[in-house]
Structures are given as structure tokens and as C-alpha cells.
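What follows is one structure encoded as C-alpha cells, with my remarks underneath.
The values are calculated or read from the model by the stated rules, or taken from the named source; none is laboratory data. All figures in this text were calculated on a predicted structure; none of them were measured in a lab. Note that each Cβ is placed from the backbone with ideal geometry, even for glycine, and that neighbours are counted across all protein chains shown.
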Ligand code: GSF
């Protein structure tokens with residue numbers, strides 16, 4: 001098994017943290033899908049990372065499918081509760097966190113276009129999703145220790161990767177000020193070796 005990922009992707013970081021927490025050894029091949037020589041399209045027709053290549057050569061994507069596969073690979077540190085109702089709640093957190101990243105990435109890509117071609121309304125619409133998503137993350141977390149209220153799960157990993165991505169790409173978004181509960185939560189997650197060892201570098 002090998003993981004193809006970039007070191008800045010929040011979705012790939014989610015997978016790398018899951019591998020770490022579940023103590024699954026999996027070599028990492030760093031590949032930046034935007035580079036002309038990227039091999040990613042040979043493994044995923046969508047040309048996106050992360051991709052997990054299994055020992056039989058078959059591939060898994062996207063990150064949500066990969067983490068679901070990994071969580072069932074070993075019972076060590078189950079990250080999605082077995083009870084369906086609770087599992088759905090954890091996956092809802094993941095969808096919200098990933099969705100904030102989707103909107104953020106759309107902004108990053110739009111801002112890479114020549115200034116005259118950038119669509120300010122589109123950027124504002126995506127940033128609105130980021131703002132609204134952050135507000136919901138904060139309200140739903142409230143003063144709980146963990147997203148699902150019971151213990152550390154994939155929900156916490158997804159939210160931590162989302163906040164880390166905002167720090168990486170959007171220094172101008174001050175989410176710590178208005179949402180001190182998210183700030184405290186992110187600081188706590190940062191103490192975990194799985195988070196500390198996967199901090200994205202620009
Ligand atoms: C999103 C993957 C993605 O957008 C997932 O794995 O959860 N829903 C997917 N990956 C980006 C890299 S990133 O900045 O996270 C990617 O590979 N983009 C290349 C492209 O051509 O869109």
C-alpha cells in the first residue's frame with residue numbers, strides 16, 4: 001500500500017493523520033497534482049490527491065473513501081463509531097470541514113489567475129461559505145472537548161485539518177478571535193503527534 005499526496009492538501013493530511021492514529025505503516029509518495037510531470041492522473045482520472053494505491057495495484061480515492069477503508073482495516077483506534085446514527089454525525093462534521101476546504105481551495109485557485117480575470121463575486125461567495133462554515137463549526141462544538149461529544153474521532157481530525165489549512169492559506173482570516181472555542185480545540189489537537197508531524201508547510 002502507498003499513499004500519493006501533497007504535503008499541503010488538507011484532505012491528504014486527514015488521511016495521513018488517520019494512518020498515524022491507527023498505526024498503519026504506509027509509505028508516502030509526494031506528488032503535486034498541479035505540476036506538469038505529476039503522475040496523479042495515472043492513478044486517479046480526476047487528477048486529485050490523496051490517492052491510496054493498494055497492494056494489488058488498485059486505487060482508492062477520495063479522502064473520505066480512503067479513511068473509511070483505513071478505519072476498517074484494523075480495529076486499532078476506531079475513528080468512526082460503529083453505531084450508524086453516531087457515524088452519520090461524525091461524517092457530517094467531516095463534510096462540513098471538507099466543504100470549508102473546498103471553498104477555500106476555490107479561492108486560492110481563483111486568486112492564481114491574472115488579476116484582471118479574477119471574479120470578485122465568486123471569491124466573495126466562496127469566502128462566505130468559509131465564514132458560515134466556521135460559525136457552524138464553533139456553534140456545534142460549543143464547549144465540548146470533542147466534536148461528537150464523546151471522544152476523539154474522524155470529526156476532530158477533519159476539523160483540525162480544515163483549521164490548519166485556513167492558517168496555511170488565509171492568514172487574513174482571523175478565526176481564533178471570534179471563535180475562541182475553536183482556537184482552544186485546535187491548540188489541543190496540535191499536541192497530538194499525528195497533527196504535529198503533519199503540519200502543512202507552504
Ligand atoms: C478533494 C481532493 C482535492 O481537491 C478529497 O480527497 O477529499 N474531495 C477530494 N485535492 C486537491 C489538492 S488540495 O489542495 O487538497 C487536488 O488534488 N487538486 C488538483 C486538481 O486538479 O483539482
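Before moving on, here are some points about what is shown:
- Matching residues in the stretch 179-191 - criterion: being touching a helix residue (DSSP H, G or I) at 6+ places or on another chain (Cβ under 8 Å) and either surrounded by 14 or more Cβ atoms within 10 Å (Cβ to Cβ) or touching a residue at least 60 places away in the same chain (Cβ under 8 Å) (or both): 179, 181, 182, 185, 186, 189
- The set of residues in the stretch 21-43 that are over 27 Å from residue 156 (Cα atoms) and part of a helix (DSSP H, G or I) comprises 40, 41, 42, 43.
- When residues of the stretch 55-76 are limited to those that are part of a loop (DSSP other than H, G, I, E, B) and within 16 Å of the ligand (Cβ to nearest atom), the one surrounded by the fewest Cβ atoms within 10 Å (Cβ to Cβ): 62
- Residue check for residue 3: touching a helix residue (DSSP H, G or I) at 6+ places or on another chain (Cβ under 9 Å), under 26 Å from residue 96 (Cα atoms), within 16 Å of the ligand (Cβ to nearest atom) and at pLDDT 95 or above: yes
- Output for the stretch 96-118, where each listed residue is assigned to a helix (DSSP H, G or I) and either more than 10 Å from the ligand (Cβ to nearest atom) or modelled with pLDDT under 95 (or both): 96, 97, 100, 103, 107, 110, 111, 112, 115, 116, 117
- Among the candidates 46, 79, residue that is in contact (Cβ under 8 Å) with a residue 12 or more places away in the chain, part of a loop (DSSP other than H, G, I, E, B) and within 15 Å of the ligand (Cβ to nearest atom): 46
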